[in-house]
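What follows is one structure encoded as structure tokens, with my remarks underneath.
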Amino acid sequence: GQQVMQIPQYQHVQEGEDFTTYCNSSTTLSNIQWYKQRPGGHPVFLIQLVKSGEVKKQKRLTFQFGEAKKNSSLHITATQTTDVGTYFCAAPTDSWGKLQFGAGTQVVVTP
Amino acid sequence: NAGVTQTPKFQVLKTGQSMTLQCAQDMNHEYMSWYRQDPGMGLRLIHYSVGAGITDQGEVPNGYNVSRSTTEDFPLRLLSAAPSQTSVYFCASSYSGGEDEKLFFGSGTQLSVL
């Protein structure tokens, strides 16, 4: 079945640096979503990508969907302490609304 | 709009006890689901529902029951709690599919089974 793999599992970043987290699937995806979970909080929806090669930006966050719709990335520029948390990618599986989540990338920011 | 409301926030059970985690949403969402979150394993789908009276199993359904008698409520029942069910549980809901199927999560229930 479909597997959604996310790397890296942990990311230590110096404040002001850039970093990227990646999400890869064994199958072609209809769409991919990204969520952020602050420590002690619940996941919050960030964005959904639907089209092949799609790129969307939210301030310092850039989301990309691969041409083959099997991978996605989240790039954060000039990391701030507010970026601390765990970032998850999620993709639908065999039926509507049945989202499969990656294991997440836990981001720690050092001032 | 309260969004997705989960109760309780914390719960400690003894092995073999049963309990129900409550979830309610006031956004008239058709789709509701339950996830459990364990360290290093992301969020795993337990059960989900695409509308009142319709439920289906997710990735890790064993030991859990659900029902959906109304659009608003989707309780999760632990039949006989086991230490392996110690986890953080999240309820989520969304509109119908397509490009608007983003999930809205509740604040979670931290469950410990001793």
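Summary of values
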{"item": "Filter pass, B:GLU59 being touching a Phe, Trp or Tyr at 6+ places or on another chain (Cβ under 8 Å) and either modelled with pLDDT of 95 or more or charged (D, E, K, R) (or both)", "result": "no"}
{"item": "Check on B:VAL66, closer than 24 Å to A:CYS89 by Cβ, in contact with a strand residue (DSSP E or B) (Cβ under 8 Å, 6 or more places away or on another chain) and aliphatic (A, V, I, L, M)", "result": "no"}
{"item": "Some residue of segment A:53-64 being in contact (Cβ under 8 Å) with a residue 60 or more places away in the chain, among the charged types (D, E, K, R) and surrounded by fewer than 20 Cβ atoms within 10 Å (Cβ to Cβ)", "result": "no"}
{"item": "Enumeration of residues in segment A:9-39 that are outside any strand (DSSP E or B) and within 21 Å of A:PRO111 (Cβ to Cβ)", "result": "A:GLU15, A:GLY16, A:GLU17, A:ASP18, A:ARG38, A:PRO39"}
{"item": "Residue that is modelled with the lowest pLDDT, among those in segment B:14-49 that are of a type in the set (A, V, I, L, M, F, W, C) and surrounded by fewer than 19 Cβ atoms within 10 Å (Cβ to Cβ)", "result": "B:MET41"}
{"item": "A:VAL108 within 11 Å of chain B (Cβ to nearest Cβ) and surrounded by fewer than 17 Cβ atoms within 10 Å (Cβ to Cβ)", "result": "no"}
{"item": "Top-ranked residue in segment A:67-92 [being part of a loop (DSSP other than H, G, I, E, B) and under 20 Å from B:LYS102 (Cα atoms); ranked as farthest from the other protein chains (Cβ to nearest Cβ)]", "result": "A:LYS70"}
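The values are calculated or read from the model by the stated rules, or taken from the named source; none is laboratory data. Small disclaimer: the values here were computed from a predicted structure and weren't measured. When we count neighbours, we look across all protein chains shown, and the Cβ atoms used for this are built from the backbone with ideal geometry, even at glycine.
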